[in-house]
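Before any comments, here is the structure.
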Amino acid sequence: MFQAPIRRLQALIVALLGFSVAAAQTTLPTAPALPASTVATDAVRDALAQTAPTQNSAQQAAQNQAAQNRAAGVAATQASDTVAVTPIRGKSVIARSTAYNSTPGQTDATPFITATGTRTRPGVIALSRDLLRIFPYGTRVMIEDLSGRYSSMLKGRVFIVEDTMAARKTNSVDVWMPTRSEALNWGARQIRITAIR
């Protein structure tokens, strides 16, 4: 009963396969010949062997001096987390403050890198996007705890705005702490943030 339909199906498959093989042999153009692998290897080797024109020693010395000056400027900026004796005060805002440390749960995928590309360290703060309009990246600020609890810890310290908080946060400051326990001890509080000119 099923033998006749199966034979027809087999005949149809053989006919189609035979037709497709014959069509492929007659209609497909032959593939172009590729160069030998040694030709490609030699071309790559020659391209890599070419070097950029060398600079003269005066240009190299000038570039080295400029790099050393930049490195010294960055080191001086990062090392100076003490405040001037009489800072000139600028804009001031009262905001909510919390603390954070470098754990992936509290930051993005790069917990030790700030939004400005620097490494996290004591003295770094993150601001909400609305406060970044008032205190842009690189602004040096002083923080005053309005509860009075951490006034001695904050007195005379200068913080640098180098990080950004999550987009949903407003009127908030996040102070970077080296450990989770310090961040938890900080808690949430009202502070006054003042720019130093």
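Going through (1) closer than 19 Å to residue 183 by Cβ; (2) buried (at least 16 other Cβ atoms within 10 Å of the Cβ) one by one, residue 111 falls short only on (2). Taken over region 89-108, residues that are assigned to a strand (DSSP E or B), at pLDDT below 85 and open to solvent by 80 Å² or more (accessible area, probe 1.4 Å) amount to 1. Within region 129-156, restricting attention to residues that are hydroxyl-bearing (Ser, Thr, Tyr) and in a helix (DSSP H, G or I), the residue that is surrounded by the most Cβ atoms within 10 Å (Cβ to Cβ) is 151.
Just the residues that are free of Cβ contacts under 8 Å to residues at least 60 places away in the same chain, of a type in the set (A, V, I, L, M, F, W, C) and open to solvent by less than 30 Å² (accessible area, probe 1.4 Å), please, taken from region 161-188. Scanning region 161-188 gives 161, 165. Specify the residue that is modelled with the highest pLDDT; the eligible residues are those in region 114-128 that are open to solvent by less than 30 Å² (accessible area, probe 1.4 Å) and polar (S, T, N, Q). Only one residue tops the list, namely 128. When restricted to residues that are of a type in the set (Ser, Thr, Tyr) and outside any strand (DSSP E or B), region 157-178 contains 1.
The values are calculated or read from the model by the stated rules, or taken from the named source; none is laboratory data. Here the structure is a predicted model, which is why all the values come from computation and not from measurement. Cβ coordinates were reconstructed from backbone atoms using ideal geometry, including for glycine residues, and neighbour counts include every protein chain displayed. The area values use the complete protein model at the heavy-atom level, side chains included, leaving out ligands, DNA and RNA. Shrake-Rupley method; radii C 1.70, N 1.55, O 1.52, S 1.80 Å.
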